[in-house]
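Reviewing the structure listed below.
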Amino acid sequence: MSEPTAVNPENAPGEQAGTLPKDDSNPPARVVFWRRAGRRIMCFFRRVKPGPRAWRGAAVGTLLAAGLAYLLLAVWVVVVAKDNLAVYLIALVLPAVSLLGSALGLLLIRLLNRLPSFYLWALLTSLMAGAAYGGLGPWGVISSILACVLVGSLLGASIRIFAAGGWRDLSKLQRAVTVGGLILGLGLAGFITWWLVNDGHAGKPVSNAALETSQKSGNRAQGLSDPSQPGPNRVLRLTYGSGSDRHRPEYAERVTIRTRTVDGSRLVGNWSGRKGWARTRYWGFDAKKLPLQARVWYPEGNGPFPLVLIVHGNHLMEEYSDPGYAYLGELMASRGFIFASVDENFLNSSPGDLTGFPGGGLKEENDTRGWLLLEHLRLWRDWNKSAGHVFSGRVDMDRIAVAGHSRGGEAATVAGVFNRLPYYPDDARVRFDFGFNIRSIVAIAPVDGQYKPAGAPARLQDLNYFVLHGSWDGDMRSFHGSRVLERASFKGDGDWFKSSLYIHQANHGQFNTVWGRSDAGGPYTAFLNLRPILPPADQRKIAQVFLCAFLEATLHDRREFRRLMRDWRAGAPWLPKTVYLQKYEEARSNMLATFEEDLDVTTTTASGGRIAAENLSDWKERAVDIKWGGLDTRGVFLGWNRKEAPGPCSYLIQWPEAGLAATPEGTLFFSLADSKNEPASYKDDEGEQKEKKSSEEQKKKSGEGNSKDQKKPIDLTLELTDGSGNRARLPLSHFGKLQPQIETDVVKASFMTDVPGSEVVFQTFEFPLAAFHAANSRLDTAALRSLRFVFDRSEKGVIILDGIGFRRD
């Protein structure tokens, strides 16, 4: 028998050399006191612990109290609505439903209690993991959790049995169940893996209504060059920044121009203490010392050249987004623009924000993003005035554009608003003194409303505005930039315009080369339907064409490029083939009807005009909604069904007595969108129910749940009448037919998201008055008196009409 090993007191674990082990036999008095107090408290609770009879009595008392509370409510409702039989039925059904629901809940708890505690803990863990996928929608989260639990349970149970070596002790049935569970688990695991790795499925076929026209696209493109082609200027490059960036040498030791920092602590929230600790530790600065950093592409020469700033949106701050617009910088600089991609990665999200849980991460930082753009412009103004500086005299500070992508898109709008304010609207202790000559705002798939100045939506005024968005955007699933477009207004005499572009099959990330095809990032990517997305080169080609055309038109005064901003078919020879929808409006327009003036459906925006309708199934003016919220505009909803209508269906707008300032060289324009609604019935309530039932039965018999006719582009007739009664008619398809709402499958399985697959997107239609005169040479286009929309070409539909006016060309 071995002897116990002697322990050297100097090497005893947990004790210092020269000290004796502690003796716990005589604890301190305070320890004794708390031990005795604890024992007495536990003894007291054991004595007063309720018994079975007490618990039963408490249950009966609780039920009686709940019943009395319900009875008081039921009596009040029955007394008030005693003549309504449905009230009595509800009064009887509700308590039964409550009792049944509570019984089912109790049954579920009992079933869960029968599970082993270790497995129950595993289930709860899977629920917590599934909660991290909340962006999928409720059913997406539930299905993901179920798949995880089912595959894990089947494989885990069968593998454990095989690994434990207890196969011989199993009965034949148990062996069959074990093998079956293993095979089923492997099969499900294989299918789920394939489904997640797969790029998805092809999108639904979409017709291109703009191509269904009598006009030839070649006529539109005549005399217009491709703005995405490089210009004649040699491109130079540099960076400016703090010179002390911890992670990027281009803003540290390799930086060309060293810049100051600015204090944004009054604008950005949640960047202090524990909530901002991880962010400050990563970057080495806090909100009081925000750096001004950017990558610059500029043309060789003395200039002066227009200045364009672009800022990225929210992405992981550790995956730097500012290099992602180099493809735009190279092009713009070659065509005579100074182009700077601003670094605001330090305002982006990070997993490190969880160290501030709950409530980690910056709050409403988009105002800071916009404010920083103006601080960058302050730098450029100083450089332009500084003799000997590389940019001295080379910047045209009278021709400035600010652009942004995603949250950066809202930042660009915020910069346009802040630029003309004397104080920060949310804290007047912050003084603004910017006043730059910003001519143009560009937004790429922007958010809207994450920051609201003084609690109100941001409104642009007397600026050029252009926004583009993709139908396959897996991040900004709704066209929020169209809301900014609707709010943008023209008050002065400037030659401003606003334009939007909706691109089918474009996603969110490919406008930035760093972000790429996945709009969700990380494991979310596996749930996105990536197959229908445009090739990256095509999507960036579209961005180059339209962004450059917009900047050429607004900063270089090349008016010919406005044709492309009004009608994409002017660039059809060089644009990728897909569906484009555009809305366009100029400041120098006379608006006949915007449907914003009042609640009277018979009045026009132009004072004195009148509106009438004949045989329409739907006629109402109301706010227009999109996927996420309202569109911030009103329109008139017009529906018809020629099979049911008692006569011709039309919508008539009569000019004010004084007439409207429309010149023979002018253009009639208006915007239309498909509402995706079915026309209301022309019949009374009884007839409507019969018709609805008959229609449903007919669909079941024919197997056509959704008629193909509903998805066909819509056509109608326009009729202009002059003061002498002369009339001229043109079909809507003279410009192009109306595009049905574009259906998308952004997520692989539609049930996994609660976001609708389509939304209202307006298309502007333009008709030169000369075209009506060509249809009837007797029509006096200088003395027009009415415009009629005649619904005689498509069988039925419900459209939204907005923004009717005339433009002087």
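The values are calculated or read from the model by the stated rules, or taken from the named source; none is laboratory data. This structure is a prediction, so every number in the text was calculated from the model and none was measured. As a convention, Cβ positions derive from the backbone with ideal geometry for all residues, glycine included, and neighbour counts pool all protein chains shown. Ligands, DNA and RNA are excluded from the accessible area calculation, which covers all protein heavy atoms including side chains. Shrake-Rupley method; radii C 1.70, N 1.55, O 1.52, S 1.80 Å.
Hey, with R₀ at 35 Å, roughly what FRET efficiency would Glu212 and Ser777 work out to, going by the Cβ-Cβ distance, to 0.05? List each step's numbers first, then the result.
On the way: r = 27 Å, r/R0 = 0.77.
It comes out at approximately 0.80.
Based on the Kirkwood radius over alpha-carbon pairs, what is the Stokes-Einstein translational diffusion coefficient of the chain at 37 °C with 0.692 mPa s viscosity, in µm²/s?
Numbers: Rh = 32.1 Å.
My calculation gives 102 µm²/s for D.
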(request) Work out how far the C-alpha atoms of region 220-268 reach from end to end along every principal axis, then list the three figures in whole Å, largest first. (result) 52, 30, 17
(request) Return the long-range amide H neighbours of Asn776 (sequence gap of 5 or more, or a different chain), with a cut-off of under 5 Å between placed amide H atoms. (result) none
(message) Report, in listed order, any pair from Lys712/Lys748; Lys289/Lys627; Lys491/Lys620 with a Cα-Cα distance greater than 31 Å.
(response) Lys289/Lys627
(request) Please work out the average accessible area per residue across region 471-537, using the 1.4 Å probe convention, and give it in Å². (result) 29
(request) Based on the mean of other Cβ atoms within 10 Å per residue, sort peptides 721-730, 648-657, 434-443, 546-555 so the most packed one is first. (result) 546-555, 434-443, 648-657, 721-730
(message) Treating only the Cβ of Lys, Arg, Asp and Glu as charged (+1, +1, -1, -1), what charge dipole size does region 202-272 show about its Cα centre? Round to the nearest 20 debye.
(response) 100
(request) Take the Cβ-Cβ distance between Ser724 and Arg793 as r, set R0 to 25 Å, and report the resulting FRET efficiency rounded to the nearest 0.05. (result) 0.40
(message) Within the chain, what whole-number % of the accessible surface is contributed by carbon and sulfur, with the 1.4 Å probe and all protein chains included in the calculation?
(response) 57
(request) Give, rounded to the nearest 20 debye, the magnitude of the charge dipole that region 507-572 has about its Cα centre when Lys and Arg contribute +1 at Cβ and Asp and Glu contribute -1 at Cβ. (result) 160
(request) With a cut-off of 12 Å, note down the residues of region 80-123 whose backbone N falls inside the zone around a label point 7 Å from the Cα of Ala66 toward its beta carbon. (result) 95-106
(message) Once R0 is set to 45 Å, what does the formula 1/(1 + (r/R0)^6) return for the Cβ-Cβ distance between Trp34 and Lys452, expressed as a FRET efficiency to the nearest 0.05?
(response) 0.25
(request) Kindly report, to the nearest 10 Å², the accessible surface of Val78 as traced by a 1.4 Å probe over protein heavy atoms only. (result) 30
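Quick check: net charge around Leu599, other residues with Cβ under 14 Å of its Cβ, Lys/Arg +1 and Asp/Glu -1? Intermediate results must be reported in sequence, preceding the final value.
On the way: positive: Lys620, Arg622, Arg634; negative: Glu596, Glu597, Asp598, Asp600, Glu621.
Residues close to Leu599 contribute a combined charge of -2.
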(request) Pop a pseudo-label 7 angstrom from the Cα along the beta-carbon direction at both Arg459 and Tyr88 and give the gap in nm to one decimal. (result) 5.6
(request) Starting from the amide H of Val755, placed 1.01 Å from N in the peptide plane, find each other amide H under 5 Å away whose residue is 5 or more places distant or on another chain. (result) none
(request) Just the Kirkwood number for region 341-398, please: inverse of mean 1/r across all distinct Cα pairs, in Å, one decimal. (result) 13.9
